[in-house]
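One structure below.
The values are calculated or read from the model by the stated rules, or taken from the named source; none is laboratory data. In this text, all values refer to a predicted model and were calculated from it rather than measured experimentally. So basically every Cβ, Gly included, is an ideal-geometry build from the backbone, and we count neighbours across all protein chains shown.
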Amino acid sequence: MSFMHHASLERIPVEALTPYAGNARTHSKGQIKQITKSIERFGFTNPVLIDDSNGIIAGHGRILAAKAIGMTDVPCLRLKDLSDADKRAYILADNKLALNAGWDKDLLAIELQGLIDFKYDLDLTGFSICEVDTVIGEARDAGVNGSDGNENEIPEPAATAVTRPGDVWQLGRHRLICGDAQDATAYTYQGQPLPLIVMLHGCTQSADDFAAGRRKQRCRPKFVPSFSRSRNCRIPFD
(Lines give C-alpha, C1' and ligand atoms only; values in the text may rest on other atoms or scores of the structure.)
Protein backbone atom coordinates (compact mmCIF):
# COMPACT_ATOMS: atom_id res chain seq x y z
CA MET A 1 0.00 0.00 0.00
CA SER A 2 1.35 3.41 -0.95
CA PHE A 3 0.29 6.84 0.26
CA MET A 4 0.25 10.04 -1.76
CA HIS A 5 2.15 12.93 -0.20
CA HIS A 6 1.06 16.46 -0.92
CA ALA A 7 2.93 19.76 -0.70
CA SER A 8 2.06 22.45 1.81
CA LEU A 9 -1.00 24.67 1.52
CA GLU A 10 -1.18 27.32 -1.17
CA ARG A 11 -3.15 30.57 -1.22
CA ILE A 12 -4.95 30.66 -4.57
CA PRO A 13 -7.15 33.52 -5.88
CA VAL A 14 -10.78 32.49 -5.88
CA GLU A 15 -11.23 33.57 -9.47
CA ALA A 16 -8.37 31.31 -10.57
CA LEU A 17 -10.19 28.17 -9.40
CA THR A 18 -12.38 26.22 -11.81
CA PRO A 19 -15.44 24.29 -10.54
CA TYR A 20 -15.81 20.72 -11.77
CA ALA A 21 -18.48 20.73 -14.49
CA GLY A 22 -19.71 17.26 -13.48
CA ASN A 23 -20.10 18.04 -9.78
CA ALA A 24 -23.30 16.25 -8.80
CA ARG A 25 -23.42 17.77 -5.31
CA THR A 26 -25.85 20.68 -4.96
CA HIS A 27 -25.67 23.61 -2.53
CA SER A 28 -28.78 25.53 -1.56
CA LYS A 29 -28.71 29.20 -0.61
CA GLY A 30 -29.46 28.18 2.95
CA GLN A 31 -26.48 25.83 3.11
CA ILE A 32 -24.16 28.43 1.59
CA LYS A 33 -25.31 30.82 4.30
CA GLN A 34 -24.48 28.19 6.94
CA ILE A 35 -20.99 27.69 5.48
CA THR A 36 -20.52 31.47 5.37
CA LYS A 37 -21.38 31.81 9.06
CA SER A 38 -19.03 28.94 9.89
CA ILE A 39 -16.12 30.59 8.04
CA GLU A 40 -16.81 33.92 9.72
CA ARG A 41 -16.87 32.26 13.15
CA PHE A 42 -14.15 29.61 12.91
CA GLY A 43 -12.12 30.72 9.90
CA PHE A 44 -11.42 28.85 6.66
CA THR A 45 -10.39 25.67 8.46
CA ASN A 46 -10.92 23.19 5.62
CA PRO A 47 -8.71 23.82 2.56
CA VAL A 48 -10.07 23.44 -0.95
CA LEU A 49 -8.69 20.42 -2.78
CA ILE A 50 -7.53 21.19 -6.33
CA ASP A 51 -5.76 19.42 -9.18
CA ASP A 52 -2.69 20.46 -11.17
CA SER A 53 -4.80 22.83 -13.29
CA ASN A 54 -6.52 24.58 -10.35
CA GLY A 55 -9.67 22.54 -10.95
CA ILE A 56 -11.74 22.12 -7.79
CA ILE A 57 -11.93 18.54 -6.54
CA ALA A 58 -13.49 19.21 -3.14
CA GLY A 59 -14.75 22.47 -1.70
CA HIS A 60 -17.29 23.81 -4.19
CA GLY A 61 -19.58 24.95 -1.39
CA ARG A 62 -16.73 26.62 0.49
CA ILE A 63 -15.77 28.54 -2.65
CA LEU A 64 -19.33 29.81 -3.08
CA ALA A 65 -19.34 30.89 0.57
CA ALA A 66 -15.94 32.56 0.20
CA LYS A 67 -17.23 34.58 -2.76
CA ALA A 68 -20.32 35.55 -0.77
CA ILE A 69 -18.24 37.17 1.97
CA GLY A 70 -15.75 38.78 -0.40
CA MET A 71 -12.70 36.56 0.11
CA THR A 72 -10.20 37.06 -2.71
CA ASP A 73 -8.07 33.97 -2.05
CA VAL A 74 -8.45 30.73 -0.12
CA PRO A 75 -6.14 28.02 1.25
CA CYS A 76 -5.83 25.10 -1.17
CA LEU A 77 -4.22 21.69 -1.12
CA ARG A 78 -3.07 20.46 -4.51
CA LEU A 79 -3.60 16.76 -5.21
CA LYS A 80 -0.98 15.85 -7.77
CA ASP A 81 -0.74 12.90 -10.12
CA LEU A 82 -4.38 11.89 -9.88
CA SER A 83 -5.82 10.28 -12.98
CA ASP A 84 -9.08 11.60 -14.42
CA ALA A 85 -10.84 8.53 -13.06
CA ASP A 86 -9.30 9.10 -9.60
CA LYS A 87 -10.54 12.69 -9.55
CA ARG A 88 -14.05 11.74 -10.59
CA ALA A 89 -14.18 9.01 -7.94
CA TYR A 90 -12.78 11.22 -5.19
CA ILE A 91 -15.25 14.02 -5.92
CA LEU A 92 -18.06 11.54 -5.28
CA ALA A 93 -16.37 9.87 -2.32
CA ASP A 94 -15.61 13.17 -0.58
CA ASN A 95 -19.33 13.90 -0.43
CA LYS A 96 -20.78 10.41 0.02
CA LEU A 97 -18.48 8.93 2.65
CA ALA A 98 -19.48 11.56 5.21
CA LEU A 99 -23.15 10.87 4.53
CA ASN A 100 -22.61 7.18 5.33
CA ALA A 101 -21.86 8.00 8.98
CA GLY A 102 -24.53 7.91 11.66
CA TRP A 103 -25.26 9.62 14.97
CA ASP A 104 -25.32 8.43 18.54
CA LYS A 105 -28.61 10.16 19.30
CA ASP A 106 -28.10 10.20 23.08
CA LEU A 107 -24.67 11.82 22.86
CA LEU A 108 -25.88 14.19 20.16
CA ALA A 109 -28.71 15.36 22.42
CA ILE A 110 -26.24 15.92 25.27
CA GLU A 111 -23.92 17.98 23.07
CA LEU A 112 -26.75 20.08 21.64
CA GLN A 113 -28.25 20.66 25.07
CA GLY A 114 -24.80 21.72 26.31
CA LEU A 115 -24.59 24.34 23.57
CA ILE A 116 -28.09 25.54 24.45
CA ASP A 117 -26.98 25.94 28.07
CA PHE A 118 -24.07 28.07 26.78
CA LYS A 119 -26.62 30.13 24.79
CA TYR A 120 -24.62 29.26 21.69
CA ASP A 121 -25.80 30.01 18.15
CA LEU A 122 -26.93 26.54 17.06
CA ASP A 123 -27.04 27.60 13.41
CA LEU A 124 -23.26 27.23 13.47
CA THR A 125 -23.65 23.48 14.04
CA GLY A 126 -25.57 23.01 10.80
CA PHE A 127 -28.61 21.70 12.69
CA SER A 128 -31.91 23.53 12.27
CA ILE A 129 -33.98 24.48 15.30
CA CYS A 130 -36.54 21.87 14.27
CA GLU A 131 -33.86 19.15 14.15
CA VAL A 132 -32.51 20.20 17.54
CA ASP A 133 -36.01 20.10 19.07
CA THR A 134 -36.59 16.65 17.60
CA VAL A 135 -33.27 15.17 18.78
CA ILE A 136 -33.59 16.52 22.32
CA GLY A 137 -37.29 15.65 22.51
CA GLU A 138 -36.72 12.07 21.39
CA ALA A 139 -33.88 11.65 23.90
CA ARG A 140 -36.08 13.03 26.68
CA ASP A 141 -38.94 10.70 25.73
CA ALA A 142 -36.61 7.72 25.61
CA GLY A 143 -35.39 8.55 29.10
CA VAL A 144 -38.90 8.84 30.50
CA ASN A 145 -40.67 6.13 28.56
CA GLY A 146 -37.76 3.97 27.45
CA SER A 147 -37.75 0.21 27.67
CA ASP A 148 -35.01 -2.38 27.82
CA GLY A 149 -36.94 -4.59 25.38
CA ASN A 150 -36.51 -4.84 21.66
CA GLU A 151 -38.61 -2.01 20.21
CA ASN A 152 -38.91 -3.85 16.89
CA GLU A 153 -40.18 -7.08 18.43
CA ILE A 154 -43.77 -7.81 17.39
CA PRO A 155 -45.76 -9.30 20.30
CA GLU A 156 -48.19 -12.13 19.83
CA PRO A 157 -51.79 -10.82 19.59
CA ALA A 158 -53.88 -11.31 22.69
CA ALA A 159 -56.88 -13.64 22.57
CA THR A 160 -59.08 -10.72 23.64
CA ALA A 161 -58.55 -7.27 22.18
CA VAL A 162 -57.28 -4.76 24.72
CA THR A 163 -58.00 -1.57 22.79
CA ARG A 164 -61.56 -0.33 22.51
CA PRO A 165 -62.99 2.60 20.52
CA GLY A 166 -62.34 5.80 22.42
CA ASP A 167 -59.09 4.56 24.00
CA VAL A 168 -56.13 6.95 23.83
CA TRP A 169 -52.59 5.55 23.82
CA GLN A 170 -49.71 7.83 24.73
CA LEU A 171 -46.65 7.27 22.50
CA GLY A 172 -43.94 9.50 23.86
CA ARG A 173 -45.02 13.05 22.98
CA HIS A 174 -47.84 11.78 20.76
CA ARG A 175 -51.25 10.25 21.36
CA LEU A 176 -52.99 7.61 19.27
CA ILE A 177 -56.78 7.52 19.38
CA CYS A 178 -58.72 4.36 18.56
CA GLY A 179 -61.88 5.25 16.67
CA ASP A 180 -63.81 5.45 13.42
CA ALA A 181 -62.30 8.04 11.07
CA GLN A 182 -65.81 8.95 9.87
CA ASP A 183 -67.18 9.45 13.38
CA ALA A 184 -66.86 13.10 14.45
CA THR A 185 -66.87 12.07 18.13
CA ALA A 186 -63.60 10.24 17.56
CA TYR A 187 -61.88 13.60 17.20
CA THR A 188 -62.17 14.56 20.85
CA TYR A 189 -59.73 14.38 23.74
CA GLN A 190 -60.66 14.96 27.38
CA GLY A 191 -64.02 16.21 26.20
CA GLN A 192 -62.58 18.80 23.85
CA PRO A 193 -62.81 18.56 20.04
CA LEU A 194 -59.52 18.23 18.22
CA PRO A 195 -58.98 20.61 15.31
CA LEU A 196 -58.77 18.53 12.16
CA ILE A 197 -58.37 19.47 8.53
CA VAL A 198 -59.66 17.13 5.87
CA MET A 199 -57.56 17.76 2.78
CA LEU A 200 -59.43 16.62 -0.32
CA HIS A 201 -56.82 17.10 -3.03
CA GLY A 202 -57.22 20.87 -3.15
CA CYS A 203 -60.51 20.99 -1.25
CA THR A 204 -60.80 21.81 2.44
CA GLN A 205 -63.73 21.14 4.73
CA SER A 206 -64.32 20.57 8.40
CA ALA A 207 -64.31 17.19 10.11
CA ASP A 208 -67.98 17.64 10.99
CA ASP A 209 -68.97 18.18 7.35
CA PHE A 210 -66.88 15.22 6.22
CA ALA A 211 -68.26 12.90 8.93
CA ALA A 212 -71.79 13.99 8.06
CA GLY A 213 -71.22 12.95 4.46
CA ARG A 214 -71.25 16.50 3.09
CA ARG A 215 -68.31 15.92 0.75
CA LYS A 216 -67.37 18.03 -2.21
CA GLN A 217 -67.57 16.28 -5.53
CA ARG A 218 -64.39 15.09 -7.29
CA CYS A 219 -62.51 15.25 -3.99
CA ARG A 220 -60.64 12.31 -2.50
CA PRO A 221 -60.18 12.41 1.28
CA LYS A 222 -56.84 12.63 3.04
CA PHE A 223 -56.94 13.17 6.81
CA VAL A 224 -54.33 15.58 8.15
CA PRO A 225 -54.15 16.13 11.93
CA SER A 226 -53.79 19.63 13.27
CA PHE A 227 -50.31 21.00 13.75
CA SER A 228 -48.94 23.68 16.03
CA ARG A 229 -46.00 25.73 14.85
CA SER A 230 -43.05 26.06 17.20
CA ARG A 231 -40.07 27.98 15.87
CA ASN A 232 -40.70 26.89 12.29
CA CYS A 233 -41.08 23.26 13.32
CA ARG A 234 -44.25 21.31 12.54
CA ILE A 235 -45.05 19.30 15.65
CA PRO A 236 -48.06 16.92 15.81
CA PHE A 237 -50.78 17.42 18.41
CA ASP A 238 -49.54 16.63 21.87
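Key figures
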| read-out | value |
| --- | --- |
| Residue check for Leu122: surrounded by 14 or more Cβ atoms within 10 Å (Cβ to Cβ), farther than 21 Å from Ser28 by Cβ and not small (Gly, Ala, Ser) | no |
| Flag for Leu108 being within 30 Å of Leu171 (Cβ to Cβ), at pLDDT 95 or above and either surrounded by 15 or more Cβ atoms within 10 Å (Cβ to Cβ) or of a type in the set (S, T, N, Q) (or both) | yes |
| Matching strands (runs of 3 or more DSSP E) fully within the stretch 69-184 where at least 3 residues are within 30 Å of the chain's Cα centre (by Cα) and without any contact (Cβ under 8 Å) to a residue 24 or more places away in the chain | 168-171 |
| Failed item, numbered, when Gly143 is tested on (1) surrounded by fewer than 14 Cβ atoms within 10 Å (Cβ to Cβ); (2) modelled with pLDDT of 80 or more | (2) |
| Residues (of a type in the set (Asp, Glu) and in contact with a strand residue (DSSP E or B) (Cβ under 7 Å, 6 or more places away or on another chain)) located in the stretch 53-104 | Asp73, Asp94 |
| Residue within the stretch 43-53 that is surrounded by 15 or more Cβ atoms within 10 Å (Cβ to Cβ) and either in contact (Cβ under 8 Å) with a residue 60 or more places away in the chain or within 17 Å of Thr125 (Cα to Cα) (or both) present | yes |
| Condition check for Gly70: surrounded by fewer than 13 Cβ atoms within 10 Å (Cβ to Cβ) and under 25 Å from Glu40 (Cα atoms) | yes |
